[in-house]
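Reviewing the structure listed below.
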């Protein structure tokens, strides 16, 4: 039986490539985007068992509507990939940072995933061995952290903390929760010079495909554990 996998922000970049890789492997992919037309266009271009879903991660009513649709059409959710992210504040320093930008980064990189997870958790509970994968960044590693992109790094570190909290809460229910870093990837956010998008998506795919019994609450990149 194929897995039913919801990916947020999947009409472009890493999310779209991940949707294509999962569809090629035979999974049922729910490709979500804030704009319904963009979701439909990407889903049709990828082909396979890919279904467009309108889902604005900043809008509780939109998230709730998407969850109701998924329940009505599929009955459960096996994997949630919280892929929405942004606000790479290159050039800022913590000492002089625009805190409005920091607040926006927290909204985009933390609260969007928190909202979606809360809303679709009942659907994950209907699956056997469900999984949540939060798309993080190596910039969120406290051990490796430097002074650059403070809003982005801190907001992704907060997402890592959310990962650990949900992993602990859901452990007894058999739902695993991990953070996955795609590495510096040549997307609209990452810019030129990064690795190919297919490689970044493959790094996340590895975490989606981790075997049962491999634990929960991990932080991975390129099939390796990253330090928190």
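The values are calculated or read from the model by the stated rules, or taken from the named source; none is laboratory data. Because the structure is predicted, anything quoted here is derived from the model rather than measured. So basically every Cβ, Gly included, is an ideal-geometry build from the backbone, and we count neighbours across all protein chains shown.
Of the residues making up the range 1-31, those that are within 14 Å of the chain's Cα centre (by Cα) and assigned to a loop (DSSP other than H, G, I, E, B) are 8, 9, 10, 11, 12. Each residue in the range 32-61 was checked for being touching a strand residue (DSSP E or B) at 6+ places or on another chain (Cβ under 7 Å) and part of a helix (DSSP H, G or I), and 5 pass.
Within the range 1-13, residues that are closer than 10 Å to residue 33 by Cβ have Cβ atoms under 8 Å from residues that are surrounded by fewer than 24 Cβ atoms within 10 Å (Cβ to Cβ) and modelled with pLDDT under 95 in these pairs: 12/187; 12/188, counting only partners at least 6 apart in sequence or on another chain.
Residue by residue, here is whether (1) at pLDDT 95 or above; (2) touching a helix residue (DSSP H, G or I) at 6+ places or on another chain (Cβ under 7 Å); (3) buried (at least 18 other Cβ atoms within 10 Å of the Cβ); (4) farther than 17 Å from residue 159 by Cβ holds:
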residue: 45; (1), (2), (3), (4): yes, no, no, yes
residue: 60; (1), (2), (3), (4): yes, yes, no, yes
residue: 65; (1), (2), (3), (4): yes, no, no, yes
residue: 73; (1), (2), (3), (4): yes, no, no, yes
residue: 98; (1), (2), (3), (4): yes, no, no, yes
residue: 105; (1), (2), (3), (4): yes, yes, yes, no
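Filtering 149, 135 for residues that are touching a strand residue (DSSP E or B) at 6+ places or on another chain (Cβ under 9 Å) and under 24 Å from residue 58 (Cβ atoms) leaves a single hit, 135.
Across the range 189-209, a minimum of one residue is classified as outside any helix (DSSP H, G or I), surrounded by fewer than 19 Cβ atoms within 10 Å (Cβ to Cβ) and within 17 Å of the chain's Cα centre (by Cα).
Residues checked against (1) under 12 Å from the mean Cα position of the chain (by Cα); (2) surrounded by fewer than 22 Cβ atoms within 10 Å (Cβ to Cβ); (3) at pLDDT 95 or above:
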| site | (1), (2), (3) |
| --- | --- |
| 78 | no, no, yes |
| 84 | yes, no, yes |
| 119 | no, yes, yes |
| 126 | no, yes, yes |
| 154 | no, yes, yes |
| 164 | no, yes, yes |
| 177 | yes, no, yes |
| 186 | no, yes, no |
